[in-house]
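Reviewing the structure listed below.
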Amino acid sequence: MMSNELSIIVYSCKKNSAMWEPFSLLFRKYWKDCPYRVVLMTDGIIDNMNDFVFDDVIVYDNTWAKMLKNAMRKVKTPYVSLWMDDYLLCDYINNQDIEKVLWYAKRYNAANIKLVNNAWDEEKKIKENVAMCKKSRAYSLSLQIGVWDARILYSFIVDEWSAWDFERKGSLISGKIKQPLLTMTKYTFPYEEGVRTGKWMDAGVKLLRRHGYDVRKTGRPIMSNFDMAKVYFKGAILDINPSMVQKLQNIYNKIIGK
């Protein structure tokens, strides 16, 4: 029986449709008893949509924010979890763990609960395995997997925003959200980000290889060792000084006119 509490919204586009097969392969493997509706948000579809794990497909071609708002209006659940099409499950999901997260969301009237903990993000512990997150700073809002109060998210996002605007611009004004931003401190959702800047990362390649899937089928290149070194270097800097990383990103986007 499908839950009416939470929907998983996977945002993608027709151009990235080759990712839907590996996403579905691992989702079916590690969360075959998922009680939450899995909804694909995309600007277009392909012929074999029944081959994938999605319960519903919402087709709408617009900005990321308008597409997300449209999806939330259609799913009508009080909570949503936002996923990218390259978020690949790498271990089994226990439904009780997710139900506990939902309980915390209701108990503390949270706008968001992150399921991937970053120590620099914590402001104060409010329970043994739950902490308050800092607002109005770099990456206060993150598109890593978490649980959102759909009503709060809907009212906060700006129609013109891209996903990256949400993290960059939205984080800096997240103090406007009155409800707390939380993070789980003792539970990390088991997934790998398979692709970065259009290329397969090493962890995603190895994960899918273990399941007999050749990532070359997707048509995406695999990162070189140099590419991976840059990713790890950026991640190390982010752990030390997330504000500096976001400032550099903002400068870069101004230079290229975004």
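The values are calculated or read from the model by the stated rules, or taken from the named source; none is laboratory data. As the structure is a computational prediction, the values presented were derived from the model and not from experiment. Methodologically, a virtual Cβ is constructed for each residue, glycine included, from the backbone with ideal geometry; neighbour enumeration extends over all protein chains shown. These accessible areas exclude ligands, DNA and RNA; they are computed on the full protein's heavy atoms, side chains included. Shrake-Rupley method; radii C 1.70, N 1.55, O 1.52, S 1.80 Å.
Regarding segment 59-67, can at least one residue be identified that is of a type in the set (A, V, I, L, M, F, W, C) and open to solvent by 60 Å² or more (accessible area, probe 1.4 Å)? Looking through segment 59-67, at least one residue is of a type in the set (A, V, I, L, M, F, W, C) and open to solvent by 60 Å² or more (accessible area, probe 1.4 Å).
Could you tell me whether any residue of segment 189-198 is under 24 Å from Arg73 (Cα atoms), hydrophobic (A, V, I, L, M, F, W, C) and under 17 Å from the mean Cα position of the chain (by Cα)? Scanning segment 189-198 turns up no residue that is under 24 Å from Arg73 (Cα atoms), hydrophobic (A, V, I, L, M, F, W, C) and under 17 Å from the mean Cα position of the chain (by Cα). Annotation: Asn109 fulfils all but one of (1) surrounded by fewer than 19 Cβ atoms within 10 Å (Cβ to Cβ); (2) closer than 24 Å to Trp200 by Cα; (3) not aliphatic (A, V, I, L, M); the unmet one is (2). The residues of segment 24-43 that are closer than 13 Å to Cys13 by Cα and open to solvent by 10 Å² or more (accessible area, probe 1.4 Å) amount to a single one, Asp43.
Taking segment 112-126 as the range and being more than 17 Å from the chain's Cα centre (by Cα) and surrounded by 13 or more Cβ atoms within 10 Å (Cβ to Cβ) as the test, the residues that pass are Trp120, Glu122, Glu123, Ile126.
The set of residues in segment 91-110 that are in contact (Cβ under 8 Å) with a residue 60 or more places away in the chain and not in a helix (DSSP H, G or I) comprises Asp91, Tyr92, Ile93, Tyr108, Asn109, Ala110.
When the strands (runs of 3 or more DSSP E) confined to segment 1-71 are screened for residues that are closer than 20 Å to Val195 by Cβ, free of Cβ contacts under 8 Å to residues at least 60 places away in the same chain and under 16 Å from the mean Cα position of the chain (by Cα), those reaching at least 1 such residues are found at 37-42. Number of residues in segment 22-61 that are in contact with a Ser or Thr (Cβ under 9 Å, 6 or more places away or on another chain) and among the aromatic types (Phe, Trp, Tyr) equals 5.
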